[in-house]
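Peer 1: Got a structure for you, written out below as structure tokens; questions coming shortly.
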Ligand code: PBG
Ligand code: ZN
């Protein structure tokens, strides 16, 4: 993935300080454990890579929101976002593991918990677990409308999280469906989400727009790895002006109604604003 690297905790602190100094409001952390297992135990290890990363950034950087991506796929040997039983992701067996992950991230000092797995009922399970552990005030940013998208490819390569069998279509959404996204968002709001996210962004601007019209919560949009990589690749080939393509793409996401944008262009864009 062009210009993006796996970082150690000390490198992350340097990166986070630079982002902060450029005016980036926050970062989201994804972890790569030293070893993976079928249960994804690295995700909810009190001393896991993301837990250590959160502690380091919160300790050394003053003014940066630290969002923890809450999922299992970077930690499971099979690469799925949940607990696999007989070759299938078991939705309900996954909820407890996600709740444990969220609580361990909260204990490490995360400012926001961001579940990206798309299991049914996980917002409620995580909310209850956070409340029971004394984190009643910690907000949940739900990846509420997350499509089964080809545009995640560069991320999966960078994060070594591609599913080892099958695909994610049993839990991520069908790209053809718009109204289903509204149902998914409503369910997550009913379960206690504080911010809802649409992912990817540019191929789903209709979903961002409609979500903004229909729901009275902050709307986030995630310009994913494939969206970013397409623009960078075109620029490297001399086909597009990088700055203008970046700015126009982010402006279109904002215009559609996003209150927050997650983007790999964050540092570059912030330096232009
Ligand atoms: C899965 C997850 C995905 C991304 C981050 N976490 C999607 C997937 O692999 O199905 C993609 C992010 C990107 O492409 O930038 N929990
Ligand atoms: Zn996942």
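Peer 1: Against the definition (away from ligand 2 (no atom under 11 Å from the Cβ), surrounded by fewer than 22 Cβ atoms within 10 Å (Cβ to Cβ), modelled with pLDDT of 95 or more and at negative phi), how does residue 88 come out, yes or no?
Peer 2: No; evaluated as a whole, the condition is false for this residue.
Peer 1: Within 12 Å of ligand 2 (Cβ to nearest atom) and either over 24 Å from residue 157 (Cα atoms) or over 16 Å from the mean Cα position of the chain (by Cα) (or both) - does that describe any residue in the stretch 62-78?
Peer 2: yes
Peer 1: Return the only residue of 123, 113 being away from ligand 2 (no atom under 11 Å from the Cβ), at negative phi, in a helix (DSSP H, G or I) and crowded, with 23+ Cβ neighbours inside 10 Å.
Peer 2: Every option except 123 fails the conditions.
Peer 1: Looking at the stretch 181-195, is at least one residue away from ligand 1 (no atom under 15 Å from the Cβ), part of a strand (DSSP E or B) and in contact with a strand residue (DSSP E or B) (Cβ under 8 Å, 6 or more places away or on another chain)?
Peer 2: yes
Peer 1: Residues in the stretch 234-254 that are closer than 20 Å to residue 273 by Cα and touching a residue at least 40 places away in the same chain (Cβ under 8 Å): how many?
Peer 2: Matching residues across the stretch 234-254 total 3.
Residues are listed down the side, and each one gets a yes or a no for (1) surrounded by 14 or more Cβ atoms within 10 Å (Cβ to Cβ); (2) more than 19 Å from residue 77 (Cα to Cα); (3) touching a helix residue (DSSP H, G or I) at 6+ places or on another chain (Cβ under 8 Å):
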| position | (1), (2), (3) |
| --- | --- |
| 147 | yes, yes, yes |
| 161 | yes, no, yes |
| 183 | no, yes, no |
| 190 | no, yes, no |
| 201 | yes, yes, yes |
| 207 | yes, yes, yes |
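Peer 1: Further, regarding this structure: Within the stretch 71-82, which residues are in a loop (DSSP other than H, G, I, E, B) and within 14 Å of ligand 1 (Cβ to nearest atom)?
Peer 2: 71, 72, 73, 74, 75, 78, 79, 80, 81, 82
Peer 1: Suppose the filter is surrounded by fewer than 23 Cβ atoms within 10 Å (Cβ to Cβ) and touching a strand residue (DSSP E or B) at 6+ places or on another chain (Cβ under 8 Å); does residue 38 pass it?
Peer 2: The answer is yes for residue 38.
Peer 1: Pick out the one residue from 203, 175, 163, 218 that is within 16 Å of ligand 2 (Cβ to nearest atom) and either more than 16 Å from the chain's Cα centre (by Cα) or modelled with pLDDT of 95 or more (or both).
Peer 2: 163
Peer 1: Kindly indicate the residue of the stretch 189-200 that is more than 16 Å from ligand 2 (Cβ to nearest atom) and either at pLDDT below 95 or closer than 17 Å to residue 120 by Cβ (or both) and also nearest to the chain's Cα centre (by Cα) among those meeting that condition.
Peer 2: Taking the candidates together, the pick is 196.
The values are calculated or read from the model by the stated rules, or taken from the named source; none is laboratory data. All figures in this text were calculated on a predicted structure; none of them were measured in a lab. All Cβ positions, even for glycine, are placed from backbone atoms using ideal geometry, and neighbour counts span all protein chains on display.
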